[in-house]
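A short worksheet on the structure shown next.
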Amino acid sequence: MSEFPEFQHLLNRTPEERDQEFQRHGRLKHLIFGSQLSIELLDRLCRSADMIRRLARDREGNADLRNLLPNRRAMLYFTQPSTRTFLSFMAACQILGITCNEVRDPKMSSEVKRESRTDSVRMFSSYFDVIIMRSQIANFAEVCAYMMNDLERTDRRSVPIVNAGAGSDEHPTQALLDMYTILRTFDFDENSLSRPSRLGSLQSDYPGLTTGAANKVYAFCGDIKRGRTVRSLATVLSQYSNVTMYFITPPHDELRVDDDLKSLLETAGVKVKEFESLEDTVDGTPILESIDCLYMTRIQREHNSDTTEAEIDSIDLSPFKLNRQRVDSMKSYAPILHPFPRDSIIGEIPTELDSDPRAMYFRQARNGMWARAALLVHLFDVNEALMEAHAKRFPGSA
Amino acid sequence: MSEFPEFQHLLNRTPEERDQEFQRHGRLKHLIFGSQLSIELLDRLCRSADMIRRLARDREGNADLRNLLPNRRAMLYFTQPSTRTFLSFMAACQILGITCNEVRDPKMSSEVKRESRTDSVRMFSSYFDVIIMRSQIANFAEVCAYMMNDLERTDRRSVPIVNAGAGSDEHPTQALLDMYTILRTFDFDENSLSRPSRLGSLQSDYPGLTTGAANKVYAFCGDIKRGRTVRSLATVLSQYSNVTMYFITPPHDELRVDDDLKSLLETAGVKVKEFESLEDTVDGTPILESIDCLYMTRIQREHNSDTTEAEIDSIDLSPFKLNRQRVDSMKSYAPILHPFPRDSIIGEIPTELDSDPRAMYFRQARNGMWARAALLVHLFDVNEALMEAHAKRFPGSA
Amino acid sequence: MSEFPEFQHLLNRTPEERDQEFQRHGRLKHLIFGSQLSIELLDRLCRSADMIRRLARDREGNADLRNLLPNRRAMLYFTQPSTRTFLSFMAACQILGITCNEVRDPKMSSEVKRESRTDSVRMFSSYFDVIIMRSQIANFAEVCAYMMNDLERTDRRSVPIVNAGAGSDEHPTQALLDMYTILRTFDFDENSLSRPSRLGSLQSDYPGLTTGAANKVYAFCGDIKRGRTVRSLATVLSQYSNVTMYFITPPHDELRVDDDLKSLLETAGVKVKEFESLEDTVDGTPILESIDCLYMTRIQREHNSDTTEAEIDSIDLSPFKLNRQRVDSMKSYAPILHPFPRDSIIGEIPTELDSDPRAMYFRQARNGMWARAALLVHLFDVNEALMEAHAKRFPGSA
């Protein structure tokens, strides 16, 4: 039973039914779940992100971008602490000319005065044109989206809701930026930011290599169970054909991939394998040599429970950390991702690896800005204006 | 004796003398007191708010609005917590192209260093072009306005001061937005946002009905004594002719309308009646059937004193709450207002009433944004530019 | 040993070697130390500040200014509390069209997650185009500048770092704004904001008077040792020829000018004298009559240690406070400066002196905005665009 009894009947439906409410004519009204990110939608958003990134290179392109949504005001309602997601949404808004406003204090004055959470959000929707929210309250973003749909049905003011991370559940825009980074890398385009050069030359070393997210081996290393990031990304990746996933985790029930996710992935056709060290092998071949993409994570100590804290702290983490030698054994084009922040004390990725061409994690962070800007362009339906601005400045490109 | 001894001789004057200092040639220099809102000024501000609201409907109109004050920077100095007033001022500034800055922490670093309050505000006036302030310190906004007047007299930099709520005393911009909502509703114009349709058809049901704020019965329900909102609004309404006010409150000295306000209203010619339930009658007619406007309020439990807390908590509040049946007995055009936030636990207005056409409280909140933008247009004296922009886009309208 | 072992070898070099890293082709890449402010650079920055101030007088000039850097986003990373410096940087950015973002909470969520400080700053540099930072961590801004230089060398994204005050050490932009105020005052130009009129008429009263910062007697009064402001400004002033400095402080080792600074100044050719009261004399002449500029400071009680608190609190401060009579004995053109906030309880400058034409401290605060804007124009290399905009609107002026 959620905190929102009047919406309980809507929350009780299947995931597919719920997703359905947040789109219209193939376009998102709200982004609440990672499962809304279909292959086709990802392609569209990534194309937009590319255009935004290219336009942002110079002063004139930036002026075009700021002219897309200057009449819009955003509310960033982040009652769960976040720096990276928050700042990257701020930057994304600013790129498009959207004015930003924020409420970050979980003890808002109005809540002290016993205002309901939904009244607070409806107030925000009176003043602002999109609500980007991160909250610990289960289902809160989803409920706000239903409220907006109700208002729209009765011809009252309604605005898009964006889920910017909810408790340990969902973080759809992180999955979006991870996919943008993966798709850009596996584009192997010479105009791509991805350091590895074109497909042709790579294929002489790696004969079976193809472009795109399909036909790849993805490895996820570290704290899998408690990372909403991995859950969201793996689910999205499971839509692509011929995908293999390796989960490399300490042998502890709090960290290992959980059975729910595993069976969901397998049902979708993903080959899933579990390992207990980055040095493990498959059929005699070291896994680091056989993977196309390595997604590192931080051990999320803040989620340790009192009962498991000592156990988890006693685990030897060296099998789950990168070093120069391990990276050197990876394929030359295989990106190393990390949702960041990384743990500077444990050091799952030591700083001396930052200049390796496979180290994509800082670029991944910056991609968050472009991908989130692309999402806002989509939600406000100004993709045509973006394409026109892009075509005008880059007449040759697609 | 205030905290500002050097300004005490100015604070000791009559309200009229003090009001006089804040205007010049019929225009406000600062907005400190509700009593500065004359009928004529309200008319001007509401006309501006209408123009702003209409222009804000589309992209081009928004661009015109943002072009009114792009060279201005505002300081929102809110040391008393507030979400609604704060955000609505932010939005109002942004609509007009004003850049916003804020100081909200009551323990500013400079105060730790024993800077005087007036030095802090003068510092703000060095960097910013208007100071919108909410503070618990009695007379602080007024004193800042005197300081600015002094600076102006000696040809130094001076900026407008806006009182955005001071302790339990004054909240002039709330009175402004309440009046804007009332005047728009009682305009009975078909272009108005007010749901009830035109005056003609209404008069067949309600023969004596006239447009405007005069000749009406206003009911205020709930926590009257501790609500600066009601005090400010009732005072402003008392300027209109043939006004009746009903105060419907629990029979407790902390909540009931106080004698000061009552005698002030009666002196101004208002007929005042007190009741102890929304179900009470006047000459056999239920009051809910006879009123033209119902202003609901929240019981402000945060102002309970230790001695009265138990008493007030034991009051049966059901006579002061709305429900479907009570609303159904009201006149079809009579707006229900509430300064918000409403109390979701007590439930003086249950959410199931939100879709009733008389429920004006969310529109009232949004009106706060338009009314505050109109105030800024007035203070910065760009009303002509606003009228020109409006006339260009809506050539037919007044 | 600093918190940044990997940068220790760089921190161990001489001040000159370190300064060298932060400029290129005579232009600043980062502003970290006051010693980077050469006479020639100060002249350029002050000319820019003058142009910005003049353009900001009207709507069109403001539009030109906002058009200088609208494609830039700033991060104000202020983990050490500050109001004045923070707000004045905000305003400076806004004048130039730069969008502002801020992180002020020292307990950022990412730090809770054990992100290293340098990772946090590199994250900021992913989203924003300049990082303006104030921190208590020794050498932090300097280390960030080295990190950015490393990134630049390997062709990765790099942004300018501005030190907005670090612990009790350095505050180079305060020295910049102090110098801007001093140079404007000693310009004796009739178009200058300095109230004293032109040099010619002044020379009849003060025959030896020249324009510029050279050939002057500067007095610093109050808490010298603990004021990074005085340290930075005195060092910068020591570059000018024929400069005398008087330090007027209580006879306590925590407050008196320290031997390091004194010998640094004397090596640079400054004549240094110490006094214990504003009423002291030199060769029979009261010092207040002989000085060209008086820099007042606040006793920084927050830096009192437990052992010295009682001692310092027992000092009679009356010899270090201004009053009407003392100011009347000063030269008519001699500016009174104060970095602010002033202490309203001790009252080193009573408010009744604020309207004296020598009282430059509020103008000095406002100059901080112009000087910081000039610095940003310099760092982003848009000085030419500024000069063009200025020449277009003020064709006659230099």
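Filtering region B:1-50 to residues that are in a helix (DSSP H, G or I), out of contact with any Ser or Thr (no Cβ under 8 Å at 6 or more places or on another chain), farther than 20 Å from residue B:177 by Cα and in contact (Cβ under 8 Å) with a residue 40 or more places away in the chain leaves B:7, B:10, B:18, B:21. Which of the residues that make up region C:192-220 are assigned to a loop (DSSP other than H, G, I, E, B) and either at pLDDT below 85 or over 20 Å from residue C:243 (Cβ atoms) (or both)? C:192, C:193, C:194, C:195, C:196, C:197, C:198 - these are the residues of region C:192-220 that are assigned to a loop (DSSP other than H, G, I, E, B) and either at pLDDT below 85 or over 20 Å from residue C:243 (Cβ atoms) (or both).
Show the residue pairs that are 6+ apart or on different chains and have beta-carbon atoms under 6 Å apart, the first residue being within region C:303-318 and touching a residue at least 24 places away in the same chain (Cβ under 8 Å) and assigned by TED's automatic domain parsing to the domain that holds residue C:278, the second being surrounded by 10 or more Cβ atoms within 10 Å (Cβ to Cβ) and of a type outside the set (A, V, I, L, M). Pairs found: C:303/C:226; C:308/C:254; C:312/C:304; C:315/C:250.
So, residue A:104, is that one within 14 Å of chain B (Cβ to nearest Cβ) and touching an Asp or Glu at 6+ places or on another chain (Cβ under 6 Å) or not?
Details: within 14 Å of chain B (Cβ to nearest Cβ): yes; touching an Asp or Glu at 6+ places or on another chain (Cβ under 6 Å): no.
Here the answer is no, as residue A:104 does not meet what is asked.
Within region C:70-84, one or more residues are at pLDDT below 95 and either of a type in the set (D, E, K, R) or more than 21 Å from the chain's Cα centre (by Cα) (or both).
Within region A:26-38, none of the residues are more than 24 Å from residue A:101 (Cα to Cα), within 14 Å of another protein chain (Cβ to nearest Cβ), buried (at least 21 other Cβ atoms within 10 Å of the Cβ) and modelled with pLDDT of 95 or more.
Which members of region C:86-119 meet the condition of being surrounded by fewer than 21 Cβ atoms within 10 Å (Cβ to Cβ), modelled with pLDDT of 95 or more and either small (Gly, Ala, Ser) or in the same structural domain as residue C:338 (by TED's automatic domain parsing) (or both)? Answer for region C:86-119, where residues must be surrounded by fewer than 21 Cβ atoms within 10 Å (Cβ to Cβ), modelled with pLDDT of 95 or more and either small (Gly, Ala, Ser) or in the same structural domain as residue C:338 (by TED's automatic domain parsing) (or both): just C:97. Any chance region B:332-340 includes a residue that's at negative phi, within 13 Å of chain A (Cβ to nearest Cβ), touching a helix residue (DSSP H, G or I) at 6+ places or on another chain (Cβ under 8 Å) and not aromatic (Phe, Trp, Tyr)? Looking for residues that are at negative phi, within 13 Å of chain A (Cβ to nearest Cβ), touching a helix residue (DSSP H, G or I) at 6+ places or on another chain (Cβ under 8 Å) and not aromatic (Phe, Trp, Tyr), one finds at least one in region B:332-340, hence yes.
What single numbered condition from (1) touching a Cys at 6+ places or on another chain (Cβ under 9 Å); (2) under 30 Å from residue A:353 (Cβ atoms); (3) touching a residue at least 60 places away in the same chain (Cβ under 8 Å) fails to hold for residue C:75? Unmet for residue C:75, out of (1) touching a Cys at 6+ places or on another chain (Cβ under 9 Å); (2) under 30 Å from residue A:353 (Cβ atoms); (3) touching a residue at least 60 places away in the same chain (Cβ under 8 Å): (3). Among the residues of region B:142-149, are any at pLDDT below 95 and farther than 26 Å from residue B:290 by Cα? Looking through region B:142-149, none of the residues is at pLDDT below 95 and farther than 26 Å from residue B:290 by Cα. Here residue C:350 fulfils each of the conditions (1) within 14 Å of chain B (Cβ to nearest Cβ); (2) at pLDDT below 95 apart from (2). Quick one: in region A:216-244, which of the residues that are touching a Lys or Arg at 6+ places or on another chain (Cβ under 7 Å) and of a type outside the set (S, T, N, Q) is farthest from residue A:135 (Cα to Cα)? Among those that are touching a Lys or Arg at 6+ places or on another chain (Cβ under 7 Å) and of a type outside the set (S, T, N, Q), it is A:243. Checked against (1) more than 19 Å from residue A:12 (Cβ to Cβ); (2) among the hydrophobic types (A, V, I, L, M, F, W, C); (3) touching a residue at least 40 places away in the same chain (Cβ under 8 Å), residue A:137 passes all but condition (1). Has region C:77-85 got any residue that is more than 14 Å from chain A (Cβ to nearest Cβ), on the phi < 0 side of the Ramachandran plot, crowded, with 22+ Cβ neighbours inside 10 Å and in contact with a Gly (Cβ under 7 Å, 6 or more places away or on another chain)? Scanning region C:77-85 turns up at least one residue that is more than 14 Å from chain A (Cβ to nearest Cβ), on the phi < 0 side of the Ramachandran plot, crowded, with 22+ Cβ neighbours inside 10 Å and in contact with a Gly (Cβ under 7 Å, 6 or more places away or on another chain).
Every residue in region C:307-340 that is over 18 Å from residue C:287 (Cα atoms), of a type outside the set (A, V, I, L, M) and more than 22 Å from the chain's Cα centre (by Cα), please. Listed by number, the residues that qualify are C:307, C:308, C:309, C:311, C:313, C:314, C:316.
Name the single residue that is nearest to residue A:370 (Cα to Cα) among those in region C:127-137 being surrounded by fewer than 22 Cβ atoms within 10 Å (Cβ to Cβ) and either of a type outside the set (Gly, Ala, Ser) or modelled with pLDDT of 95 or more (or both). Working first, answer last.
The first filter runs over region C:127-137 and keeps only residues surrounded by fewer than 22 Cβ atoms within 10 Å (Cβ to Cβ), leaving C:129, C:135-137.
Add one more test, that the residue is either of a type outside the set (Gly, Ala, Ser) or modelled with pLDDT of 95 or more (or both), and what stays is C:129, C:136-137.
On the way: C:129: 15, C:136: 33, C:137: 32 Å.
Among them, the one singled out is C:129.
Among the residues of region C:150-173, the one identified as within 14 Å of another protein chain (Cβ to nearest Cβ), crowded, with 22+ Cβ neighbours inside 10 Å, at pLDDT 95 or above and farther than 21 Å from residue A:84 by Cβ is C:164.
The set of residues in region B:51-71 that are farther than 12 Å from residue A:71 by Cα and either small (Gly, Ala, Ser) or within 14 Å of chain C (Cβ to nearest Cβ) (or both) comprises B:68, B:69, B:70, B:71. Taking region A:366-397 as the range and being within 17 Å of residue A:295 (Cα to Cα) and in contact with a Phe, Trp or Tyr (Cβ under 6 Å, 6 or more places away or on another chain) as the test, only A:367 passes.
The values are calculated or read from the model by the stated rules, or taken from the named source; none is laboratory data. What you see is a predicted model, and the numbers here were worked out from it, not measured in a lab. Because the Cβ atoms are built from the backbone with ideal geometry, glycine has one as well, and the counts that use them run over all protein chains shown.
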